[in-house]
Amino acid sequence: MRIVLLGAPGSGKGTQSKLLIEKYNIPQMSTGDLLRAAVAAGTELGKKAKAAMDAGKLVSDDIVLGMIQERLNKPDARAGFILDGFPRNIPQAQALDAMLARMGQPLQLALLVDVDSEVLMKRLTGRRTCSNAACGAIYNIYFSAPKTQGKCDKCGSSLSHRSDDNESTVRSRLQVYEQQTAPLVSYYKAQGKLRTVRGVGSVNEIFKNVTDIIEVQMRPLAAAMSAANAAAAAKGGGTTPAAKAAAKAAKAAKAAKAASAAKPAAKTPAKPAAKKAAKKAAPKKKAKPAKKAKPVVKKKAVKKAAPKKTKKAKKAAPKKKVAAKAKKKK
């Protein structure tokens, strides 16, 4: 389960995030918490972040993404994670998608906790917090006021009002959200990952709606992503390890089919080629001049020899006649 929570300041997404951690036993990753932990631990990224903050600069996206990646590599994040407070704009969302794709852990759900702006104003300006750090109870003078004004119902400590929870500051924060973070709604909607829950009502009612979305609507999302991975594997693409393995298997299958198809193809053209070669070779044997020359020589020799014998015979014949005549005279 890999989720990013979206919502304006005061939408209650932080409260819902804590409940999700308890129910599903997966870590929440808040950029503020990650920065403080890295700085306190003195990690390499923590030192870079501290240097930027000490110089009065914003911590770069590369540093924040590096911290998120380090946190995702821990064993408790294998079953999933909840991102809260990051990304805040489109470039951050694109960089996050690229990093998660390389890790084989793409986001599965972008959950928007939607609340009207006037309700947000009352939630933020009316917020009161217990001054006892060990208690930390939160109240709202409009929606969940303490029984005794200015006193915590749980421990009796005084309640404090954050200096940045005044109306002008709150309106400014909401405007920044609308300009920078609200476009993420369209970004994740285009990916088919956006789901919206109304952040109005009791905490438990909102949480029930959130879990309904996760448990019911995450299933078709998972099926869709599996189908997308299968399609990517068939084309030889895919970004997850499973998709890459499927892609290799698909390539191997294609290569095996090509090899089996090539074997009969190679045999078939070889036969006519051999026949043609045989046909061409046959006339060469007939065209040998030696065979024709021999009978011609024999015939000429016989013809020449025959007349020689006849001449001898003719010459010898008169000798016999002379001998016969001599006998007669005697």
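Below, the figures for the structure above:
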| quantity | calculated |
| --- | --- |
| V203 vs. criteria of a type outside the set (D, E) and in contact with a helix residue (DSSP H, G or I) (Cβ under 9 Å, 6 or more places away or on another chain) | yes |
| Members of region 117-150 found to be within 30 Å of V185 (Cβ to Cβ) and without any contact (Cβ under 8 Å) to a residue 12 or more places away in the chain, listed by number | E118, I138, S144 |
| Residues within region 10-32 that are small (G, A, S) and over 19 Å from N204 (Cβ atoms), tallied | 2 |
| Where G199 falls short, out of the listed (1) small (G, A, S); (2) modelled with pLDDT under 90; (3) more than 31 Å from the chain's Cα centre (by Cα); (4) closer than 16 Å to D116 by Cα | (2) |
| Of residues in region 177-194 being of a type in the set (F, W, Y) and within 15 Å of V113 (Cβ to Cβ), the one nearest to the chain's Cα centre (by Cα) | Y188 |
| Residue check, A40 part of a helix (DSSP H, G or I), exposed (fewer than 15 other Cβ atoms within 10 Å of the Cβ) and of a type outside the set (D, E) | yes |
| Restricting region 61-85 to residues that are closer than 23 Å to A182 by Cβ and more than 22 Å from the chain's Cα centre (by Cα), the residue that is surrounded by the fewest Cβ atoms within 10 Å (Cβ to Cβ) | D61 |
| Tabulated pairs, region 37-64, first more than 27 Å from D97 (Cβ to Cβ), second open to solvent by less than 70 Å² (accessible area, probe 1.4 Å), C-beta under 7 angstrom, 6+ apart or interchain | K50/V39 |
| Whichever residue in region 98-153 is among the basic types (K, R) and open to solvent by 60 Å² or more (accessible area, probe 1.4 Å) and, among such residues, is nearest to N73 (Cα to Cα) | R102 |
| From the options M99, M67, M29, residue that is within 28 Å of E215 (Cα to Cα) and without any contact (Cβ under 8 Å) to a residue 40 or more places away in the chain | M99 |
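The values are calculated or read from the model by the stated rules, or taken from the named source; none is laboratory data. These numbers were taken from a predicted model, which means no experiment stands behind them. Don't worry about glycine lacking a Cβ; one is built from the backbone with ideal geometry, like all the others, and counts go over all protein chains shown. What goes into the accessible areas is simple: the full protein's heavy atoms, side chains included, and nothing from ligands, DNA or RNA. Shrake-Rupley method; radii C 1.70, N 1.55, O 1.52, S 1.80 Å.
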